[in-house]
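This report refers to the structure that appears directly beneath it.
The values are calculated or read from the model by the stated rules, or taken from the named source; none is laboratory data. As the structure is a computational prediction, the values presented were derived from the model and not from experiment. All Cβ positions, even for glycine, are placed from backbone atoms using ideal geometry, and neighbour counts span all protein chains on display. Please note that ligands, DNA and RNA were not included when accessible areas were found on the heavy atoms of the full protein model with its side chains. Shrake-Rupley method; radii C 1.70, N 1.55, O 1.52, S 1.80 Å.
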Amino acid sequence: MNLNIEPSGQSCGATVRGVDLSAPLDDTLVAEIRTAWLKHRVLAFAEQSMDDDALERFTLAMGGFGEDPFFDPIPGRKNIAAILREADENAPLFAENWHSDWSFLPRPPAGTCLMAIDIPPTGGDTLFANQIAAFAALPDERKAYLRTLTAIHSAKLAYAPDGTYGEKDQATDRSMAIRPDESANKTEVHPLIQPHPETGEEAIFSTLGYIIGIEGMAQAEAIALLSELAQWQVRDEFVYRHRWEPGMLVLWDNRSVLHKATGGYEGHRRELHRTTIAAAA
Ligand code: SIN
C-alpha cells in the first residue's frame, strides 16, 4: 500500500490519509508507516475509527508498550492513559511545558500515540519542535561543545510529592489520574546530544524541566545554559502546530521532537487516549 502523505510544510509533521488503522496491520504497512514516521517525526492519521483495542494493536506493531509512571491507566486497560480535561475544569493545563515524554527514565520511550476521543471545536492544539533541525541549525563550534555534555534528568519538578502535580497543584478538580510519587526524585543521565537510534541524525534530547542540571557543571551555569538552549529549541522555524480533528490518531517520535499542550478551549471537554511506545530493544 502507498500511504497518502501530506507534509505539514512546517519543520516536521505530516497528515496520512487512505489507511484504516482499525483493520489488521500487515508487515508491509507497518514498515511504510515507520519509514514515514522517521522522516516526518510526527504523523497524524486522519479519518480513523479506532477503538482502544485498535490503539493497543497499533502501539504493539510500532514497538510495544513502554512504561507509564505517574499516571493511572483507564479502567480495564493496563497501557492506556486518558489525557482529559472536563468542560468546567479549572485545573491548570496538563503538559503545557515543552518536554520529551519520560526522558528521565533509564530507557526513555521511542514514541507516543495520542488518539482523539473528544475534540473541542476550537483550541487544544499540540505543538511539536523538531530537535534534529534545532541541532543542525547551530554553529559548528556550539554543536561540538554541546556534544561533550551529559544532562541530568529527573521527574521531580513535575511528579514528586512537592512538585507541580503534587502539593503545588492548587487544582481541586483535575480530571486526569496523575499520581505523584517519591520515585520522581530519582535522577538519570543521558547525553545532551544523541544520535537517533534508527537514523543516526543528531538531536537535542529533552529540555529544561525534565533536565535539571549538567554533569560536572555548577548549577547556576547549567541552568543558564539550559534556559538559553530551551529558547533556541522551540524557535518558530522548528515548530509544527498540530490541529486536532475528530477521529485522528497522532504518533510522534520522542527521540527527535519535543511537544507541549495548548489551551484555548475553555468551556469544552477534551479527551485523548495515550499509549507509550517502548525504546527499541
Ligand atoms: C501530552 O503531552 O501527552 C499531551 C499533549 C496534549 O494534550 O496535547
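Under a Gaussian network description of the chain, with springs only between Cα atoms under 10 Å, the residue in Met115, Met248, Met217 that fluctuates furthest is Met217.
Couplings 3J(HN,Hα) for segment 80-88, derived from phi with the Karplus relation 6.51 cos²θ - 1.76 cosθ + 1.60 (θ = phi - 60°), are 10, 10, 9, 8, 9, 9, 6, 4, 9 Hz, where x marks Gly and Pro. Among the trypsin sites (Lys or Arg not before Pro) found in segment 67-134, those both in a DSSP coil and sparsely packed, with 12 or fewer other Cβ atoms within 10 Å of their Cβ, are Lys78. Build a GNM of the chain with springs between Cα atoms under 10 Å apart, and of Asn79, Asn254, Asn90 the one that fluctuates most is Asn90.
Under 1.5 on a/c is rounded, so check that first for the chain, then, if it is not, pick prolate when a/b is larger than b/c and oblate when it is not; a ≥ b ≥ c are the square roots of the alpha carbon gyration tensor eigenvalues. Taking the square roots of the gyration eigenvalues as a ≥ b ≥ c, the chain is oblate.
Considering only alpha-carbon pairs that sit under 8 angstrom and 6 or more positions apart, the relative contact order computed for the chain is 37 percent.
A straight Cα-to-Cα reach below 29 Å connects Lys78 with the lysines Lys156, Lys168, Lys186, Lys260, residues fewer than 8 places away in its own chain not being considered. What does the C-alpha gyration tensor say about the overall shape of segment 56-105? Classify as rounded when a/c is under 1.5, otherwise prolate if a/b is larger than b/c, or oblate. Oblate, because a/c is 1.5 or more while a/b does not exceed b/c. Backbone phi angles across segment 189-206, fed through the Karplus curve with coefficients 6.51, -1.76 and 1.60 (θ = phi - 60°), yield HN-Hα couplings of 10, 9, x, 5, 10, 10, x, 4, x, 9, 10, x, 5, 7, 10, 7, 9, 6 Hz in residue order; Gly and Pro are listed as x. Database remark: amide H of Thr207 closer than 5 angstrom to the amide H of Ser100 (H placed geometrically; neighbours at sequence offset of 5 or more, or on other chains; Pro and chain starts carry no H).
Could you check how much of the accessible area of the chain is carbon and sulfur, as a whole percent, using a 1.4 Å probe? Walk me through the intermediate numbers first.
Details: 6190 of 12530 Å².
Carbon and sulfur together cover 49 percent of it.
Rolling a 1.4 angstrom probe over the protein heavy atoms with all chains in place gives the chain an accessible area of 45 Å² per residue. Most tightly packed first, judged by the mean number of other beta-carbon atoms within 10 Å of their residues, the peptides 138-151, 196-209 read 196-209, 138-151.
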